[in-house]
Amino acid sequence: MRAVGIILAGGNNHKMRELTYKRAVAAMPVAGSYRCIDFALSNMTNSHIQKVAVLTQYNARSLNEHLSSSKWWDFGRKQGGLFVFTPTITLENGSWYRGTADAIYQNLDFLKKCHEPYVIITSGDAVYKLDYNEVLEYHIKKKADITVVCKDLAPGEDATRFGTIKMDDSMRIQEFEEKPMVANSNTISTGIYVIRRRQLIDLIEHAAQEDRYDFVNDILIRYKNLKKIYGYKISSYWSNISTAEAYYQTNMDFLRPEVRNYFFKEYPPVYSKVSDLPPAKYNPGSYVKNSLVSSGCIVNGTVENSILFKKAFIGNNCVVRNSIIMNDVYLGDNTYIENCIVESRDTIRANTRHVGENGIKIVVEKNERYAL
Amino acid sequence: MIKKEMIAMLLAGGQGSRLGVLTAKVAKPAVAFGGKYRIIDFPLSNCINSGIDTVGVLTQYQPLRLNSHIGIGIPWDLDRNVGGVTILPPYEKSTNSEWYTGTANAIYQNLDYMESFNPDYVLILSGDHIYKMDYEVMLDYHKEHNADVTIAAMPVPLEEASRFGIVVADEEGHINDFQEKPKEPRSNLASMGIYIFSWPVLKDALVKMSDEPSCDFGKHVIPYCHENGKRLFAYEYNGYWKDVGTLGSYWEANMELIDLIPEFNLYEEFWKIYTNSSILPPQYISDQAVVERSIISNGSEIYGEVRNSVIGAGVVIGKGTVVRDSIIMKDTVIGENGVIDKSIIAENVRIGDHVTLGIGSDVPNKEKPAIYSFGLVTIGENSVIPSNVQIGKNTAISGVTEAEDYPNGVLESGETLIKAGERV
């Protein structure tokens with residue numbers, strides 16, 4: 001194989017608000033039946049990349065549980081496979097990962113022992129499909145040192161939470177600004193990079209010697225005039241979930257038939273850990289419109305324009321509108337939920353009302369389920 | 001040395017001809033059940049939940065679907081270094097090559113497989129019942145009674161007992177006699193076709209009876225053990241157990257799953273049922289859809305109305321179509337503005353627009369009245385039904401059908417329409 005994969009899944013984002021209290025962004029449940037990292041992992045396996053390292057740090061328990069077996073993404077192999085790297089104390093180093101470049105530096109032995117000539121780096125917090133081989137072909141054709149996969153945001157979308165890019169006609173990157181105060185370009189970096197393995201090792205080692213730890217600021221931006229860094233534009237669906245609003249919107253996108261077909265029906269498929277849940281059950285009184293319902297759900301009430309994740313229980317006379325009900329939530333009878341994200345394993349008492357008045361409300365309610 | 005206390009042998013080679021076109025291309029244990037499951041998932045899940053990690057699955061009739069469903073046993077955690085699940089088809093021998101001619105003959109032909117695990121006990125199962133059962137408790141019973149053979153048996157109403165193989169046992173459970181479909185039953189304990197044998201007893205009986213043509217457990221091996229003074233015990237089971245051998249009972253058992261609190265509950269955390277499901281995405285219920293009293297599996301898209309039905313994975317039900325009291329299996333697509341009443345539609349069927357199933361009077365099926373009854377419409381897998389046709393009750397359809405096959409656009413009640421070819 002020509003490339004190894006690295007998935008950066010260590011991050012937290014305070015813009016996710018309460019949602020990251022219990023898990024890393026990459027472990028966020030998405031689109032009813034998946035976790036965010038499934039998209040990157042499926043892209044890797046669908047691009048025939050057989051050796052993938054996942055770098056985790058922040059609150060990795062949930063992510064580790066999801067990755068406990070690599071067979072769901074076909075990484076259960078003798079050759080290659082899935083490697084999960086959490087910071088460890090070694091003779092030389094006792095720190096956490098101080099940044100993305102440092103995270104790779106602390107696991108540089110993995111890269112040194114590989115024989116594949118290229119590395120695909122991606123983040124675990126985006127929902128997309130991409131054949132990395134196409135980017136790799138482009139990278140080789142351009143004789144690039146680094147290729148950055150980028151995307152034009154639609155007018156009106158906020159570019160300031162991303163790295164913004166300006167390129168010349170040959171697609172070589174001229175300007176790269178990380179999370180600018182004012183965006184002067186609507187082309188953003190998706191955080192997906194292709195780089196030759198030797199090149200990456202050199203750059204990372206060099207950055208480490210200078211006590212620099214961030215891949216974007218200390219490598220991409222610092223080297224942008226010295227190295228040939230090219231952009232590869234995608235126009236297919238790509239969405240980063242790392243704010244509460246973006247997370248909500250990304251999930252709601254799946255109510256659109258074109259998005260649903262693109263991810264659920266078109267080749268190649270997205271893989272995830274199998275959870276052995278029975279079919280969803282609709283009891284008398286259920287009234288469901290324009291919604292996604294996952295396996296293991298039991299619906300007794302009204303659900304409109306919403307997404308029910310796995311094993312949600314909707315009690316009698318409940319009303320759920322424009323909301324995301326995450327895994328294993330129990331809604332007691334007569335509950336009213338509108339414009340909310342209900343955190344997984346919540347138990348909501350009967351007759352409760354939660355409405356997101358100005359934007360999305362995140363509901364975290366841990367009541368004793370079986371004492372109800 | 002390899003040693004397993006108890007191994008299971010699962011008989012999955014039968015056709016199940018009473019399921020009509022549903023089993024024309026697949027063995028009965030591979031027929032879908034309860035939306036996302038197949039019948040064999042129940043005994044296989046029972047095995048792993050009971051701590052049995054070595055299961056031989058004996059296949060013969062149309063095994064392709066079974067083979068690909070079971071694979072190396074990953075969904076049931078039966079992918080093991082030692083043991084796990086093994087598919088055992090009939091094979092050629094240097095002398096006397098034959099098919100599996102009976103249940104006991106099939107097991108006899110796999111003596112070497114069983115021997116290789118050096119078991120103390122062998123559990124014999126069949127792959128065509130829906131139930132949850134802890135075989136370990138049954139084994140404890142077997143050991144407690146110092147039994148040679150333990151037969152799981154279930155109390156049935158005395159008036160129905162004449163349909164079953166009846167075991168007559170004393171208070172201790174010691175079996176005195178057997179009655180096969182007796183006119184005057186002396187007991188209401190029906191054999192469930194689940195046996196635990198002490199391995200030396202089973203081996204001896206199989207070898208001694210090996211010349212018996214179509215050697216069968218119920219007809220030959222169990223009576224042989226009984227006549228030779230072995231200790232036979234009945235293990236009484238009182239949970240949910242359903243034989244889904246006929247279209248009527250198959251339909252009924254599916255429908256029982258949609259009760260408010262079903263007697264056979266798939267939603268319990270304890271004793272999960274595992275299956276091999278390749279379709280992961282959630283199901284979509286559109287804004288014109290109506291869904292009530294139904295269970296629906298992963299990846300289905302509902303644009304019409306679904307009531308009292310069991311819907312498999314990846315099914316599409318078009319706008320304006322009404323589905324009632326029906327079972328629709330995996331990947332079937334139904335067009336718009338149709339009516340589907342009391343039908344069983346197998347996997348990967350295409351049904352056009354404005355199609356009505358299950359109309360007219362309850363006329364018995366002309367060809368096979370014993371199979372296609374209960375007022376059901378049964379459609380075999382990979383079939384195609386053109387737009388604008390009406391189909392009556394007690395009918396069976398299989399193959400790629402065209403508008404010409406329906407005189408005046410109608411297939412009357414009681415008719416059978418079997419066409420060659422299938423949708424690819």
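The 3J(HN,Hα) values that the Karplus relation (6.51, -1.76, 1.60; θ = phi - 60°) gives for segment A:257-266 are, in residue order, x, 5, 5, 4, 4, 4, 8, 8, 10, 6 Hz. Gly and Pro appear as x.
Among residues other than B:Gly16 with Cβ under 10 Å from its Cβ, the summed charge is +1 (Lys and Arg +1, Asp and Glu -1). Only lysines eight or more places from B:Lys183 in sequence, or on another chain, were considered; those with a Cα closer than 25 Å are B:Lys219, B:Lys242.
Per residue, segment B:178-242 exposes an accessible area of 50 Å² to a 1.4 Å probe, with every protein chain left in place.
Springs join every pair of Cα atoms under 10 Å in this Gaussian network model of chain B, and among B:Asn81, B:Asn176, B:Asn118 the largest mean-square fluctuation is at B:Asn81. Considering only B:Leu247, B:Val55, B:Ala403, the residue lying farthest towards the positive end of the dipole of chain B is B:Ala403, judged by Cα position with unit charges set on Cβ. For the pair B:Glu336 and B:Val363, label points projected 7 Å from Cα toward Cβ lie 3.3 nm apart. P(r) tail for the protein assembly as shown: Cα pairs beyond 45 Å make up 36% of the total.
Computed about its Cα centre, the charge dipole of the protein assembly as shown is approximately 2300 debye, with only Lys, Arg, Asp and Glu carrying charge at their Cβ. DSSP finds beta bridges in the protein assembly as shown, and of those with both partners inside it, around 30 percent are antiparallel.
Given +1 at the Cβ of Lys and Arg, -1 at the Cβ of Asp and Glu and no other charges, the dipole of segment A:314-372 around its Cα centre is 40 debye to the nearest 20.
Quotient of the Cα radius of gyration of segment B:289-394 and 2.2 N^0.38 Å, N being its number of residues: 0.99.
Phi-derived couplings, Karplus 6.51 cos²θ - 1.76 cosθ + 1.60 at θ = phi - 60°, listed residue by residue for segment B:52-62: 9, 10, 10, 10, x, 9, 8, 10, 8, 7, 5 Hz, with x used for Gly and Pro. Using the Karplus relation 6.51 cos²θ - 1.76 cosθ + 1.60 with θ = phi - 60°, the per-residue 3J(HN,Hα) values for segment B:89-105 come to x, x, 9, 7, 10, 5, 10, 6, 6, 8, 6, 6, 8, x, 4, 6, 5 Hz, with x marking Gly and Pro. For chain A, the relative contact order works out to 15 percent when only alpha carbon pairs closer than 8 Å and six or more residues apart are counted.
Label segment A:156-232 by shape, choosing from rounded, prolate and oblate, from the square roots a ≥ b ≥ c of the eigenvalues of the Cα gyration tensor; if a/c is under 1.5 it is rounded, and otherwise prolate applies when a/b is larger than b/c, oblate when it is not. If you can, show how the numbers build up before the last one.
Working: a/c = 2.25, a/b = 1.55, b/c = 1.46.
Judged from the Cα gyration tensor, segment A:156-232 comes out prolate (a/c at least 1.5, a/b above b/c).
A 1.4 Å probe run over the protein chains yields, for segment B:291-351, 24 Å² of accessible area per residue, whole-number rounding. Among A:Ser235, A:Ser42, A:Ser295, the residue with the largest mean-square fluctuation in a Gaussian network model of chain A, with springs joining Cα atoms closer than 10 Å, is A:Ser235. Answer with one residue from A:Ile188, A:Tyr232, A:Met252: the one whose Cα lies farthest towards the positive end of the charge dipole of segment A:172-262, charges on Cβ with Lys, Arg +1 and Asp, Glu -1. Ranked along the dipole, the leading option is A:Tyr232. Using the Cα gyration tensor of segment A:23-159, with a ≥ b ≥ c the square roots of its eigenvalues, what is the shape: rounded (a/c below 1.5), prolate (a/b larger than b/c) or oblate (neither)? Rounded, since a/c falls under 1.5. On association of chains B and A, roughly 3000 Å² of accessible area becomes buried (total for both chains; probe 1.4 Å). Our estimate of slack between A:Ser68 and A:Asn367, defined as 0.36 nm per intervening residue step minus the Cα-Cα distance, is 104.8 nm.
Where does the charge balance sit around B:Ile39 when Lys and Arg score +1, Asp and Glu -1, over other residues with C-beta under 9 Å from its C-beta?
Numbers: positive: B:Lys28, B:Arg38; negative: B:Asp41, B:Asp128.
Charge balance in the 9 Å sphere: 0.
By accessible area, using a 1.4 Å probe on protein heavy atoms only, the protein assembly as shown has 48% of its surface on carbon and sulfur.
Computed from the C-beta positions of A:Thr86 and B:Glu171 and an R0 of 60 Å, the FRET efficiency is 0.50 to the nearest 0.05.
The largest accessible area among A:His14, B:His354 belongs to the first residue in A:His14, B:His354, and the rest follow in falling order (1.4 Å probe, all chains). Among the lysines, which fall within straight-line cross-link reach of A:Lys366, defined as a Cα-Cα distance under 25 Å, with same-chain neighbours fewer than 8 residues apart omitted? Of all the lysines, those that pass the test against A:Lys366 - Cα under 25 Å, at least 8 places apart if same chain - are A:Lys15, A:Lys22, A:Lys281, A:Lys310, A:Lys311. Considering only alpha-carbon pairs that sit under 8 angstrom and 6 or more positions apart, the relative contact order computed for segment B:165-222 is 26 percent.
Can you give the FRET efficiency to the nearest 0.05 for A:Val182 and A:Trp96, using r as the Cβ-Cβ distance and R₀ = 22 Å? The computed FRET efficiency comes out at 0.10.
Listed by chain and number, the aspartates and glutamates placed with their C-alpha closer than 15 angstrom to that of B:Lys4 are B:Asp53, B:Asp112, B:Glu115, B:Asp120, B:Glu136; residues fewer than eight positions away on the same chain are left out. Here the simple spin-label model places points 7 Å from the Cα toward Cβ, and for A:Arg256 and A:Asn133 these points are separated by 2.9 nm. Within the assembled protein chains, the solvent-accessible surface assigned to B:Tyr100 is about 30 Å², based on a 1.4 Å probe. For A:Trp73, the shell of other residues with beta-carbons less than 13 Å away shows a net charge of +3, using +1 for Lys and Arg and -1 for Asp and Glu. Under 5 Å from the amide H of A:Gly5 lie the amide H atoms of A:Lys51, A:Val52, A:Ala53, A:Ile120, each residue being 5 or more positions distant or on a separate chain, with H modelled from the backbone and absent for Pro and chain starts.
Among the listed pairs A:Lys78/A:Lys265; B:Lys143/B:Lys230; A:Lys142/A:Lys224, give every one whose C-alpha distance is greater than 22 Å. The pairs that break the limit, which is 22 Å between Cα atoms, are A:Lys78/A:Lys265. Spin-label pair B:Phe270-A:Glu210: with each label point 7 Å from Cα along the Cα-Cβ axis, the two points sit 6.4 nm from one another. Its relative contact order, with pairs defined as Cα atoms under 8 Å and 6+ residues apart, puts chain B at 13 percent.
Taking chain A as a Gaussian network of alpha-carbon nodes connected by springs under 10 Å, the highest mean-square fluctuation of the residues A:Val119, A:Val259, A:Val148 belongs to A:Val259. With N the number of residues in chain A, Rg(Cα) / (2.2 N^0.38 Å) evaluates to 1.03.
Accessible surface computed residue by residue for chain A, with neighbouring protein chains in place and a 1.4 Å probe, gives 41 Å² per residue. Ordering B:Asn298, B:Tyr91, B:Gly360 by the projection of their Cα atoms onto the charge dipole of chain B, which places +1 on the Cβ of Lys and Arg and -1 on the Cβ of Asp and Glu, puts B:Tyr91 at the extreme positive end. Once the Cβ-Cβ distance of A:Lys166 and B:Gln288 is raised to the sixth power relative to R0 = 60 Å, the FRET efficiency obtained is 0.80.
The values are calculated or read from the model by the stated rules, or taken from the named source; none is laboratory data. This structure is a prediction, so every number in the text was calculated from the model and none was measured. Methodologically, a virtual Cβ is constructed for each residue, glycine included, from the backbone with ideal geometry; neighbour enumeration extends over all protein chains shown. Each accessible area value is taken on the protein alone, full model and side chains, heavy atoms only, with ligands, DNA and RNA left out. Shrake-Rupley method; radii C 1.70, N 1.55, O 1.52, S 1.80 Å.
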